[in-house]
1. I want to verify a result. In a Gaussian network model of chain B, Cα cutoff 10 Å, which of these has the top mean-square fluctuation: B:Y52, B:Y231, B:Y37?
2. What whole-number value in Å² describes the accessible area per residue of the range A:191-234 for a 1.4 Å probe?
3. Rounded to the nearest percent, how much of the accessible area of chain B (1.4 Å probe, protein heavy atoms only) is carbon and sulfur?
4. Determine the calculated [θ] at 222 nm for chain A from helices alone, applying -39500 (n - 2.57) to every DSSP H run no shorter than 4 residues and normalising by the residue count; nearest 500 deg cm²/dmol.
5. Could you name every residue in the range A:145-166 that has 50 Å² or more less accessible surface in the full protein assembly than in its own chain alone (probe 1.4 Å, ligands and nucleic acids excluded)?
6. Report, in deg cm²/dmol and to the nearest 500, the calculated mean residue ellipticity at 222 nm for chain B, where each DSSP H run with n ≥ 4 adds -39500 (n - 2.57) and the sum is divided by the residue count.
7. In degrees, nearest 10, range 0 to 90: what is the angle between the Cα axis of helix B:197-214 and the longest Cα principal axis of chain B?
8. Quick one: helix A:224-252 against the long Cα principal axis of chain A, what's the angle to the nearest 10°, folded into 0 to 90?
Amino acid sequence: MTARQLITRLALVAVAGLGLFSMYRIGLLDLSHVQPAAENLAEFAGALFPPNTDVLGTLVDAMLETIEIAFVGTLIGALISLPLAFLSARTLFPPLVSVTTRMLIGAIRTVPSLLWGVIFVIAYGLGPEAGALGVALYTVGFLAKLYSESFEAVDPEVVEAVQGAGSNRLQLIVYAVLPESANALVSHLLFMFEYNIRASAIMGFVGAGGIGYYMLGYVQLLQYENLMMALIVTFVVVMAVDYLSARLRVLIVPAMQGRGVRAPLFAGITTLAS
Amino acid sequence: MSIDLPGDAPDARTASPFGYAVRRQPVVHAGDLWFGYRSDLPVVRGVTLDVYSGAVTMILGRSGSGKTTLLKVLKGLLHPQRGSVQIAARCSNGRAAGAIAYVPQTLGLVRSLTALDNVLTGALSRVGTVRSLAHIFPGAIVDEARETIARLGLGHKLHEPVYRLSGGERQRVAIARALMQHPDLILADEFVSQLDPITACDILDMMRDISHNRGVSLLVTTHETDVVEDYADRVVVMRHGEIVHDSPGGRLSQPQMLDLLR
(Lines give C-alpha, C1' and ligand atoms only; values in the text may rest on other atoms or scores of the structure.)
Protein backbone atom coordinates (compact mmCIF):
# COMPACT_ATOMS: atom_id res chain seq x y z
CA MET A 1 0.00 0.00 0.00
CA THR A 2 1.42 3.38 -0.99
CA ALA A 3 1.52 6.32 1.40
CA ARG A 4 -1.15 8.05 -0.66
CA GLN A 5 -3.50 5.06 -0.41
CA LEU A 6 -2.85 4.85 3.33
CA ILE A 7 -3.70 8.54 3.77
CA THR A 8 -6.88 8.09 1.70
CA ARG A 9 -8.02 5.14 3.84
CA LEU A 10 -7.20 6.93 7.07
CA ALA A 11 -9.17 9.96 5.85
CA LEU A 12 -12.19 7.74 5.02
CA VAL A 13 -12.03 6.10 8.46
CA ALA A 14 -11.75 9.53 10.10
CA VAL A 15 -14.81 10.85 8.19
CA ALA A 16 -16.84 7.74 9.09
CA GLY A 17 -15.79 8.02 12.75
CA LEU A 18 -16.63 11.71 12.88
CA GLY A 19 -20.02 10.97 11.28
CA LEU A 20 -20.85 8.30 13.86
CA PHE A 21 -19.73 10.53 16.71
CA SER A 22 -21.88 13.41 15.44
CA MET A 23 -24.89 11.07 15.04
CA TYR A 24 -24.40 9.92 18.64
CA ARG A 25 -24.15 13.53 19.85
CA ILE A 26 -27.43 14.55 18.21
CA GLY A 27 -29.22 11.41 19.36
CA LEU A 28 -29.65 9.63 16.04
CA LEU A 29 -28.09 6.43 17.39
CA ASP A 30 -30.73 6.17 20.12
CA LEU A 31 -32.91 3.47 18.53
CA SER A 32 -35.63 3.86 21.17
CA HIS A 33 -36.77 6.98 19.27
CA VAL A 34 -37.18 5.25 15.93
CA GLN A 35 -40.50 3.49 16.53
CA PRO A 36 -42.40 6.50 17.99
CA ALA A 37 -40.98 8.68 15.21
CA ALA A 38 -42.24 6.28 12.56
CA GLU A 39 -45.68 6.18 14.19
CA ASN A 40 -45.83 9.99 14.36
CA LEU A 41 -44.85 10.24 10.70
CA ALA A 42 -47.47 7.76 9.65
CA GLU A 43 -50.14 9.66 11.59
CA PHE A 44 -48.98 12.95 10.06
CA ALA A 45 -48.97 11.48 6.54
CA GLY A 46 -52.50 10.20 7.10
CA ALA A 47 -53.67 13.63 8.22
CA LEU A 48 -52.31 15.25 5.02
CA PHE A 49 -54.91 13.49 2.89
CA PRO A 50 -57.15 14.32 1.24
CA PRO A 51 -55.77 17.77 0.36
CA ASN A 52 -58.33 20.51 0.94
CA THR A 53 -59.14 22.15 -2.41
CA ASP A 54 -61.28 24.82 -0.74
CA VAL A 55 -58.17 26.83 0.08
CA LEU A 56 -56.76 26.57 -3.46
CA GLY A 57 -57.79 30.13 -4.44
CA THR A 58 -56.14 31.64 -1.37
CA LEU A 59 -53.00 29.58 -1.89
CA VAL A 60 -52.71 30.48 -5.60
CA ASP A 61 -52.85 34.18 -4.64
CA ALA A 62 -50.20 33.58 -1.95
CA MET A 63 -48.06 31.64 -4.42
CA LEU A 64 -48.26 34.50 -6.93
CA GLU A 65 -47.01 36.78 -4.19
CA THR A 66 -44.18 34.31 -3.51
CA ILE A 67 -43.19 34.36 -7.20
CA GLU A 68 -43.27 38.17 -7.15
CA ILE A 69 -41.08 38.23 -4.03
CA ALA A 70 -38.60 35.87 -5.73
CA PHE A 71 -38.63 37.83 -8.99
CA VAL A 72 -38.19 41.27 -7.42
CA GLY A 73 -35.67 39.95 -4.89
CA THR A 74 -33.61 38.28 -7.63
CA LEU A 75 -33.74 41.40 -9.78
CA ILE A 76 -32.66 43.80 -7.02
CA GLY A 77 -30.05 41.30 -5.81
CA ALA A 78 -28.60 40.91 -9.31
CA LEU A 79 -28.35 44.67 -9.78
CA ILE A 80 -26.49 45.07 -6.49
CA SER A 81 -24.36 41.98 -7.19
CA LEU A 82 -22.90 43.23 -10.49
CA PRO A 83 -20.85 46.19 -9.19
CA LEU A 84 -19.82 44.23 -6.10
CA ALA A 85 -18.70 41.34 -8.30
CA PHE A 86 -16.58 43.67 -10.45
CA LEU A 87 -14.96 45.20 -7.37
CA SER A 88 -14.20 41.78 -5.91
CA ALA A 89 -12.68 40.33 -9.10
CA ARG A 90 -8.96 39.95 -8.49
CA THR A 91 -8.24 40.28 -12.19
CA LEU A 92 -9.89 43.71 -12.38
CA PHE A 93 -9.10 45.51 -9.16
CA PRO A 94 -6.11 45.70 -6.80
CA PRO A 95 -6.04 43.37 -3.76
CA LEU A 96 -7.09 46.07 -1.29
CA VAL A 97 -10.36 46.67 -3.18
CA SER A 98 -11.06 43.06 -4.14
CA VAL A 99 -10.31 41.59 -0.70
CA THR A 100 -12.40 44.23 1.11
CA THR A 101 -15.34 43.65 -1.23
CA ARG A 102 -15.00 39.88 -0.87
CA MET A 103 -15.18 40.25 2.89
CA LEU A 104 -18.34 42.34 2.56
CA ILE A 105 -19.94 39.76 0.24
CA GLY A 106 -18.89 36.97 2.61
CA ALA A 107 -20.49 38.80 5.53
CA ILE A 108 -23.76 39.20 3.57
CA ARG A 109 -23.68 35.50 2.68
CA THR A 110 -23.23 34.51 6.30
CA VAL A 111 -26.73 35.70 7.20
CA PRO A 112 -29.43 33.10 6.35
CA SER A 113 -32.32 34.20 4.15
CA LEU A 114 -34.85 33.88 6.99
CA LEU A 115 -32.78 36.16 9.19
CA TRP A 116 -32.65 38.74 6.39
CA GLY A 117 -36.46 38.37 6.31
CA VAL A 118 -36.66 39.05 10.06
CA ILE A 119 -34.36 42.08 9.74
CA PHE A 120 -36.54 43.62 7.04
CA VAL A 121 -39.77 42.74 8.88
CA ILE A 122 -38.33 44.77 11.78
CA ALA A 123 -37.53 47.61 9.37
CA TYR A 124 -40.60 47.54 7.10
CA GLY A 125 -43.18 45.64 9.13
CA LEU A 126 -44.99 42.47 8.06
CA GLY A 127 -45.52 41.96 4.34
CA PRO A 128 -44.00 40.98 1.00
CA GLU A 129 -41.70 44.04 0.72
CA ALA A 130 -39.70 42.68 3.68
CA GLY A 131 -39.58 39.29 1.93
CA ALA A 132 -38.40 40.76 -1.37
CA LEU A 133 -35.62 42.74 0.32
CA GLY A 134 -34.61 39.72 2.39
CA VAL A 135 -34.38 37.61 -0.76
CA ALA A 136 -32.46 40.44 -2.48
CA LEU A 137 -29.77 40.58 0.20
CA TYR A 138 -29.52 36.80 0.30
CA THR A 139 -29.13 36.85 -3.49
CA VAL A 140 -26.31 39.40 -3.27
CA GLY A 141 -24.31 37.09 -1.01
CA PHE A 142 -24.35 34.27 -3.54
CA LEU A 143 -24.71 35.97 -6.92
CA ALA A 144 -21.90 38.47 -6.31
CA LYS A 145 -19.55 35.58 -5.54
CA LEU A 146 -20.64 33.55 -8.58
CA TYR A 147 -20.43 36.60 -10.86
CA SER A 148 -17.02 37.53 -9.50
CA GLU A 149 -15.73 34.03 -10.23
CA SER A 150 -17.14 34.24 -13.77
CA PHE A 151 -15.34 37.54 -14.33
CA GLU A 152 -12.10 36.08 -13.06
CA ALA A 153 -12.51 33.11 -15.41
CA VAL A 154 -12.52 35.31 -18.53
CA ASP A 155 -9.64 34.34 -20.83
CA PRO A 156 -6.69 36.50 -19.69
CA GLU A 157 -5.57 36.92 -23.30
CA VAL A 158 -8.88 38.64 -24.14
CA VAL A 159 -8.38 40.97 -21.19
CA GLU A 160 -4.76 41.62 -22.17
CA ALA A 161 -5.69 42.29 -25.78
CA VAL A 162 -8.45 44.81 -24.97
CA GLN A 163 -6.40 46.35 -22.17
CA GLY A 164 -3.42 46.51 -24.49
CA ALA A 165 -5.50 48.53 -26.95
CA GLY A 166 -5.46 51.36 -24.42
CA SER A 167 -8.90 50.81 -22.89
CA ASN A 168 -9.59 51.96 -19.37
CA ARG A 169 -11.10 49.70 -16.69
CA LEU A 170 -14.73 50.57 -17.44
CA GLN A 171 -14.23 50.02 -21.16
CA LEU A 172 -12.50 46.73 -20.41
CA ILE A 173 -15.51 45.60 -18.38
CA VAL A 174 -18.05 46.60 -21.03
CA TYR A 175 -16.15 45.40 -24.10
CA ALA A 176 -14.43 42.26 -22.81
CA VAL A 177 -15.43 41.03 -19.38
CA LEU A 178 -19.23 41.34 -19.67
CA PRO A 179 -19.59 39.88 -23.18
CA GLU A 180 -17.18 37.03 -22.41
CA SER A 181 -18.97 36.05 -19.22
CA ALA A 182 -22.54 36.74 -20.38
CA ASN A 183 -23.48 33.07 -20.71
CA ALA A 184 -22.36 32.31 -17.17
CA LEU A 185 -24.13 35.41 -15.81
CA VAL A 186 -27.45 34.41 -17.36
CA SER A 187 -27.05 30.83 -16.19
CA HIS A 188 -26.30 31.91 -12.60
CA LEU A 189 -29.22 34.34 -12.64
CA LEU A 190 -31.68 31.65 -13.73
CA PHE A 191 -30.34 29.27 -11.09
CA MET A 192 -30.71 31.97 -8.43
CA PHE A 193 -34.32 32.67 -9.47
CA GLU A 194 -35.15 28.96 -9.18
CA TYR A 195 -33.51 28.88 -5.79
CA ASN A 196 -35.26 32.07 -4.66
CA ILE A 197 -38.69 30.61 -5.43
CA ARG A 198 -37.95 28.03 -2.73
CA ALA A 199 -36.41 30.63 -0.41
CA SER A 200 -39.42 32.94 -0.86
CA ALA A 201 -41.81 30.11 -0.07
CA ILE A 202 -40.56 30.03 3.52
CA MET A 203 -40.23 33.81 3.94
CA GLY A 204 -43.80 33.82 5.24
CA PHE A 205 -42.60 31.86 8.29
CA VAL A 206 -41.28 35.16 9.63
CA GLY A 207 -44.17 37.23 8.34
CA ALA A 208 -42.42 38.39 5.19
CA GLY A 209 -45.23 37.49 2.80
CA GLY A 210 -46.01 34.67 0.40
CA ILE A 211 -47.26 31.12 0.79
CA GLY A 212 -45.00 30.39 3.79
CA TYR A 213 -47.29 32.48 6.01
CA TYR A 214 -50.14 30.07 5.29
CA MET A 215 -47.95 26.97 5.63
CA LEU A 216 -46.86 28.02 9.11
CA GLY A 217 -50.46 28.85 10.08
CA TYR A 218 -51.74 25.44 8.88
CA VAL A 219 -49.00 23.66 10.89
CA GLN A 220 -49.77 25.66 14.02
CA LEU A 221 -53.53 25.04 13.67
CA LEU A 222 -52.97 21.34 12.79
CA GLN A 223 -54.81 21.86 9.47
CA TYR A 224 -52.73 19.29 7.62
CA GLU A 225 -55.12 18.88 4.63
CA ASN A 226 -54.65 22.60 3.95
CA LEU A 227 -50.88 22.21 4.39
CA MET A 228 -50.91 19.41 1.81
CA MET A 229 -52.68 21.69 -0.66
CA ALA A 230 -50.03 24.38 -0.03
CA LEU A 231 -47.25 21.80 -0.62
CA ILE A 232 -48.89 20.68 -3.88
CA VAL A 233 -49.17 24.28 -5.14
CA THR A 234 -45.52 24.92 -4.20
CA PHE A 235 -44.41 21.67 -5.86
CA VAL A 236 -46.24 22.47 -9.10
CA VAL A 237 -44.77 25.98 -9.26
CA VAL A 238 -41.23 24.83 -8.43
CA MET A 239 -41.43 22.13 -11.14
CA ALA A 240 -42.82 24.63 -13.65
CA VAL A 241 -40.09 27.16 -12.88
CA ASP A 242 -37.42 24.44 -13.12
CA TYR A 243 -38.76 23.39 -16.52
CA LEU A 244 -39.12 26.92 -17.86
CA SER A 245 -35.71 27.96 -16.64
CA ALA A 246 -34.12 24.87 -18.21
CA ARG A 247 -35.82 25.74 -21.53
CA LEU A 248 -34.73 29.37 -21.22
CA ARG A 249 -31.18 28.35 -20.39
CA VAL A 250 -30.96 26.19 -23.49
CA LEU A 251 -32.31 29.06 -25.61
CA ILE A 252 -29.96 31.63 -24.13
CA VAL A 253 -26.91 29.48 -23.66
CA PRO A 254 -26.61 27.38 -26.83
CA ALA A 255 -23.23 26.07 -25.66
CA MET A 256 -25.30 23.65 -23.60
CA GLN A 257 -26.64 22.21 -26.84
CA GLY A 258 -23.09 21.71 -28.09
CA ARG A 259 -23.44 24.51 -30.62
CA GLY A 260 -20.45 26.47 -29.48
CA VAL A 261 -20.23 29.64 -27.51
CA ARG A 262 -22.73 32.41 -27.95
CA ALA A 263 -23.97 35.30 -25.90
CA PRO A 264 -26.96 36.84 -27.64
CA LEU A 265 -27.21 39.46 -24.94
CA PHE A 266 -24.15 41.05 -26.45
CA ALA A 267 -23.98 39.62 -29.96
CA GLY A 268 -25.28 42.31 -32.22
CA ILE A 269 -25.02 45.33 -29.96
CA THR A 270 -23.34 46.71 -33.01
CA THR A 271 -22.01 50.05 -32.27
CA LEU A 272 -23.81 53.21 -33.21
CA ALA A 273 -22.05 55.91 -35.12
CA SER A 274 -22.75 59.41 -33.94
CA MET B 1 9.33 50.79 -17.36
CA SER B 2 10.26 54.15 -18.79
CA ILE B 3 8.38 55.51 -21.76
CA ASP B 4 10.22 58.13 -23.75
CA LEU B 5 8.79 60.47 -26.31
CA PRO B 6 10.25 60.91 -29.81
CA GLY B 7 13.78 62.15 -29.78
CA ASP B 8 14.75 60.32 -26.61
CA ALA B 9 15.34 56.92 -28.15
CA PRO B 10 18.87 55.82 -29.06
CA ASP B 11 19.99 56.67 -32.59
CA ALA B 12 19.64 53.81 -35.03
CA ARG B 13 22.70 54.89 -36.98
CA THR B 14 24.90 53.61 -34.24
CA ALA B 15 22.61 50.97 -32.81
CA SER B 16 21.75 48.83 -35.81
CA PRO B 17 23.81 46.88 -38.28
CA PHE B 18 20.91 46.64 -40.75
CA GLY B 19 20.39 48.58 -43.95
CA TYR B 20 16.76 49.45 -43.35
CA ALA B 21 17.49 50.71 -39.91
CA VAL B 22 20.16 53.17 -40.90
CA ARG B 23 17.45 55.54 -42.07
CA ARG B 24 15.33 55.26 -38.93
CA GLN B 25 15.38 55.32 -35.20
CA PRO B 26 14.33 52.15 -33.44
CA VAL B 27 10.65 52.03 -32.57
CA VAL B 28 11.44 50.18 -29.40
CA HIS B 29 14.70 49.84 -27.54
CA ALA B 30 14.89 47.15 -24.89
CA GLY B 31 17.99 47.28 -22.73
CA ASP B 32 19.21 44.40 -20.58
CA LEU B 33 15.71 43.10 -19.82
CA TRP B 34 15.28 40.55 -17.06
CA PHE B 35 11.97 39.00 -16.07
CA GLY B 36 10.88 35.89 -14.19
CA TYR B 37 7.51 34.78 -12.83
CA ARG B 38 9.59 33.68 -9.81
CA SER B 39 12.43 35.94 -8.80
CA ASP B 40 14.90 33.05 -8.68
CA LEU B 41 13.91 31.69 -12.09
CA PRO B 42 14.34 34.29 -14.84
CA VAL B 43 12.47 33.55 -18.06
CA VAL B 44 13.94 36.51 -19.94
CA ARG B 45 17.66 36.95 -19.29
CA GLY B 46 19.42 40.16 -20.19
CA VAL B 47 17.69 40.74 -23.53
CA THR B 48 18.80 43.82 -25.45
CA LEU B 49 16.86 44.43 -28.64
CA ASP B 50 16.15 47.31 -30.99
CA VAL B 51 13.13 47.01 -33.27
CA TYR B 52 13.05 49.18 -36.39
CA SER B 53 10.11 50.42 -38.37
CA GLY B 54 8.88 48.94 -41.62
CA ALA B 55 10.40 45.52 -41.06
CA VAL B 56 9.26 42.07 -40.07
CA THR B 57 11.36 40.80 -37.19
CA MET B 58 10.79 37.20 -36.24
CA ILE B 59 11.77 35.77 -32.89
CA LEU B 60 12.41 32.08 -33.31
CA GLY B 61 12.52 29.83 -30.30
CA ARG B 62 11.30 26.58 -28.85
CA SER B 63 8.39 26.41 -26.43
CA GLY B 64 9.45 27.84 -23.09
CA SER B 65 12.31 29.87 -24.55
CA GLY B 66 10.82 33.14 -23.25
CA LYS B 67 9.40 34.54 -26.52
CA THR B 68 5.87 35.23 -25.24
CA THR B 69 7.16 36.66 -21.97
CA LEU B 70 9.48 38.99 -23.87
CA LEU B 71 6.55 40.29 -25.96
CA LYS B 72 4.50 40.89 -22.81
CA VAL B 73 7.36 42.82 -21.24
CA LEU B 74 7.80 44.90 -24.39
CA LYS B 75 4.06 45.65 -24.41
CA GLY B 76 4.14 46.61 -20.75
CA LEU B 77 1.81 43.83 -19.62
CA LEU B 78 4.65 42.54 -17.43
CA HIS B 79 7.13 44.78 -15.68
CA PRO B 80 10.80 43.88 -16.06
CA GLN B 81 12.72 43.12 -12.90
CA ARG B 82 15.76 44.74 -14.46
CA GLY B 83 16.36 46.82 -17.55
CA SER B 84 14.01 49.12 -19.38
CA VAL B 85 11.89 49.46 -22.50
CA GLN B 86 12.01 52.74 -24.37
CA ILE B 87 9.24 53.44 -26.83
CA ALA B 88 10.00 56.03 -29.47
CA ALA B 89 6.42 56.36 -30.60
CA ARG B 90 4.36 59.16 -31.91
CA CYS B 91 1.59 59.61 -29.40
CA SER B 92 -0.99 61.34 -31.55
CA ASN B 93 -3.70 60.59 -29.00
CA GLY B 94 -1.58 61.45 -26.02
CA ARG B 95 -1.44 57.84 -24.87
CA ALA B 96 1.54 55.63 -25.40
CA ALA B 97 -0.48 52.41 -25.06
CA GLY B 98 -1.66 52.53 -28.65
CA ALA B 99 1.84 52.85 -30.05
CA ILE B 100 2.40 49.14 -29.62
CA ALA B 101 -0.40 46.77 -30.56
CA TYR B 102 -0.36 43.29 -29.12
CA VAL B 103 -1.97 40.23 -30.68
CA PRO B 104 -1.84 37.29 -28.25
CA GLN B 105 -1.49 33.70 -29.37
CA THR B 106 -5.21 32.99 -29.02
CA LEU B 107 -5.89 36.41 -30.61
CA GLY B 108 -7.80 37.71 -27.60
CA LEU B 109 -10.96 38.43 -29.57
CA VAL B 110 -14.28 38.77 -27.76
CA ARG B 111 -16.13 35.85 -29.32
CA SER B 112 -19.66 37.06 -28.81
CA LEU B 113 -19.03 40.51 -30.30
CA THR B 114 -19.21 41.16 -34.02
CA ALA B 115 -16.12 41.62 -36.17
CA LEU B 116 -16.84 45.36 -36.30
CA ASP B 117 -17.21 45.69 -32.53
CA ASN B 118 -13.98 43.78 -31.98
CA VAL B 119 -12.13 46.03 -34.40
CA LEU B 120 -13.58 49.11 -32.70
CA THR B 121 -12.12 48.00 -29.38
CA GLY B 122 -8.78 48.91 -30.98
CA ALA B 123 -9.93 52.54 -31.00
CA LEU B 124 -11.22 52.69 -27.42
CA SER B 125 -8.37 54.94 -26.31
CA ARG B 126 -9.48 57.52 -28.91
CA VAL B 127 -13.10 57.62 -27.71
CA GLY B 128 -14.35 59.22 -24.52
CA THR B 129 -15.31 56.80 -21.78
CA VAL B 130 -18.98 57.85 -21.64
CA ARG B 131 -19.46 57.61 -25.41
CA SER B 132 -17.74 54.25 -25.61
CA LEU B 133 -19.76 52.84 -22.72
CA ALA B 134 -22.91 53.85 -24.60
CA HIS B 135 -21.46 52.20 -27.74
CA ILE B 136 -21.53 55.53 -29.55
CA PHE B 137 -18.36 55.90 -31.59
CA PRO B 138 -17.59 58.92 -33.76
CA GLY B 139 -18.62 58.30 -37.38
CA ALA B 140 -15.05 58.79 -38.61
CA ILE B 141 -13.78 55.98 -36.38
CA VAL B 142 -16.58 53.62 -37.42
CA ASP B 143 -15.81 54.42 -41.09
CA GLU B 144 -12.13 53.77 -40.47
CA ALA B 145 -12.95 50.43 -38.84
CA ARG B 146 -15.18 49.43 -41.76
CA GLU B 147 -12.48 50.39 -44.27
CA THR B 148 -9.79 48.55 -42.34
CA ILE B 149 -11.85 45.36 -42.23
CA ALA B 150 -12.79 45.72 -45.89
CA ARG B 151 -9.13 46.17 -46.90
CA LEU B 152 -8.36 42.89 -45.16
CA GLY B 153 -11.08 41.19 -47.23
CA LEU B 154 -13.74 40.85 -44.55
CA GLY B 155 -16.08 43.67 -45.54
CA HIS B 156 -18.94 41.20 -45.96
CA LYS B 157 -18.59 39.87 -42.42
CA LEU B 158 -18.71 43.14 -40.50
CA HIS B 159 -21.69 42.16 -38.41
CA GLU B 160 -20.84 38.50 -37.99
CA PRO B 161 -20.07 37.44 -34.40
CA VAL B 162 -16.48 36.28 -34.11
CA TYR B 163 -17.45 32.79 -32.96
CA ARG B 164 -18.91 32.21 -36.43
CA LEU B 165 -15.71 33.18 -38.27
CA SER B 166 -13.02 30.77 -39.47
CA GLY B 167 -9.49 30.77 -38.03
CA GLY B 168 -8.12 32.88 -40.91
CA GLU B 169 -10.99 35.36 -40.66
CA ARG B 170 -10.43 35.75 -36.93
CA GLN B 171 -6.77 36.42 -37.63
CA ARG B 172 -7.79 39.25 -39.96
CA VAL B 173 -10.12 40.71 -37.34
CA ALA B 174 -7.24 40.67 -34.86
CA ILE B 175 -4.98 42.43 -37.38
CA ALA B 176 -7.69 45.04 -38.08
CA ARG B 177 -8.08 45.65 -34.34
CA ALA B 178 -4.32 46.11 -34.04
CA LEU B 179 -4.27 48.54 -36.97
CA MET B 180 -7.04 50.61 -35.38
CA GLN B 181 -4.54 51.46 -32.65
CA HIS B 182 -2.41 53.26 -35.29
CA PRO B 183 0.57 51.33 -34.01
CA ASP B 184 4.21 51.83 -34.84
CA LEU B 185 4.81 48.27 -33.80
CA ILE B 186 2.61 45.17 -33.77
CA LEU B 187 3.66 42.37 -31.44
CA ALA B 188 2.20 39.07 -32.60
CA ASP B 189 2.61 35.91 -30.56
CA GLU B 190 2.76 32.60 -32.49
CA PHE B 191 0.59 34.36 -34.99
CA VAL B 192 -0.10 31.67 -37.57
CA SER B 193 0.81 28.52 -35.71
CA GLN B 194 -2.77 27.24 -35.61
CA LEU B 195 -3.62 27.92 -39.25
CA ASP B 196 -3.38 25.69 -42.29
CA PRO B 197 -0.29 26.48 -44.46
CA ILE B 198 -2.19 28.30 -47.24
CA THR B 199 -4.15 30.55 -44.88
CA ALA B 200 -0.96 31.15 -42.89
CA CYS B 201 0.83 32.29 -46.08
CA ASP B 202 -2.09 34.62 -46.96
CA ILE B 203 -1.99 36.21 -43.52
CA LEU B 204 1.80 36.53 -43.50
CA ASP B 205 1.79 38.06 -47.01
CA MET B 206 -0.74 40.58 -45.77
CA MET B 207 1.27 41.37 -42.66
CA ARG B 208 4.48 41.83 -44.65
CA ASP B 209 2.64 44.13 -47.03
CA ILE B 210 1.32 46.21 -44.11
CA SER B 211 4.78 46.37 -42.61
CA HIS B 212 6.68 47.34 -45.77
CA ASN B 213 4.08 49.70 -47.23
CA ARG B 214 2.80 51.38 -44.10
CA GLY B 215 6.00 51.47 -42.12
CA VAL B 216 4.49 49.48 -39.28
CA SER B 217 7.04 47.25 -37.56
CA LEU B 218 6.17 43.67 -36.87
CA LEU B 219 7.68 41.58 -34.13
CA VAL B 220 6.43 38.03 -34.51
CA THR B 221 7.30 35.04 -32.35
CA THR B 222 7.28 31.62 -33.93
CA HIS B 223 8.75 28.16 -33.62
CA GLU B 224 8.37 27.43 -37.34
CA THR B 225 11.64 27.69 -39.25
CA ASP B 226 10.00 27.69 -42.70
CA VAL B 227 7.92 30.74 -41.78
CA VAL B 228 11.08 32.52 -40.66
CA GLU B 229 12.93 31.57 -43.84
CA ASP B 230 10.14 32.90 -46.08
CA TYR B 231 8.99 36.04 -44.29
CA ALA B 232 11.54 37.45 -41.84
CA ASP B 233 13.47 40.64 -42.63
CA ARG B 234 15.37 39.94 -39.48
CA VAL B 235 15.78 36.78 -37.44
CA VAL B 236 16.28 36.74 -33.69
CA VAL B 237 16.77 33.34 -32.06
CA MET B 238 16.00 32.88 -28.37
CA ARG B 239 17.11 30.01 -26.17
CA HIS B 240 16.59 29.71 -22.42
CA GLY B 241 15.50 33.35 -22.22
CA GLU B 242 18.52 34.76 -24.03
CA ILE B 243 19.08 36.02 -27.55
CA VAL B 244 21.61 33.67 -29.10
CA HIS B 245 21.44 34.93 -32.67
CA ASP B 246 20.41 38.14 -34.45
CA SER B 247 20.85 38.63 -38.19
CA PRO B 248 19.04 39.90 -41.28
CA GLY B 249 16.59 37.44 -42.83
CA GLY B 250 17.72 35.03 -45.51
CA ARG B 251 21.14 34.39 -44.02
CA LEU B 252 20.20 31.32 -42.03
CA SER B 253 19.26 28.02 -43.62
CA GLN B 254 16.68 25.84 -41.94
CA PRO B 255 19.30 23.34 -40.67
CA GLN B 256 21.26 26.26 -39.17
CA MET B 257 18.11 27.49 -37.45
CA LEU B 258 17.43 24.04 -36.06
CA ASP B 259 21.02 23.88 -34.79
CA LEU B 260 20.55 27.19 -33.01
CA LEU B 261 17.33 25.99 -31.42
CA ARG B 262 18.91 22.85 -29.94
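The values are calculated or read from the model by the stated rules, or taken from the named source; none is laboratory data. All values reported here derive from a predicted model rather than from experimental measurement. Ideal geometry is used to build each Cβ from the backbone, glycine not excepted, and the neighbour counts take in all protein chains shown. These area figures cover heavy atoms from the full protein model, side chains too; ligands, DNA and RNA do not enter into them. Shrake-Rupley method; radii C 1.70, N 1.55, O 1.52, S 1.80 Å.
1. Answer for the Gaussian network model of chain B: B:Y37.
2. Numbers: 1810 Å² over 44 residues.
Per residue, the range A:191-234 has 41 Å² of solvent-accessible surface.
3. Values: 5180 of 10600 Å².
Carbon and sulfur: 49 percent of the exposed surface of chain B.
4. Details: 11 runs with 200 residues, N = 274.
Calculated from helices alone, the mean residue ellipticity at 222 nm is -25000 deg cm²/dmol.
5. The answer is A:E157, A:E160, A:A161, A:G164, A:A165, A:G166 - residues whose exposure falls by at least 50 Å² when every protein chain is included.
6. Details: 10 runs with 87 residues, N = 262.
Helix-only estimate at 222 nm: -9000 deg cm²/dmol.
7. For B:197-214 against chain B, the angle is about 90 degrees.
8. The answer is roughly 20 degrees.
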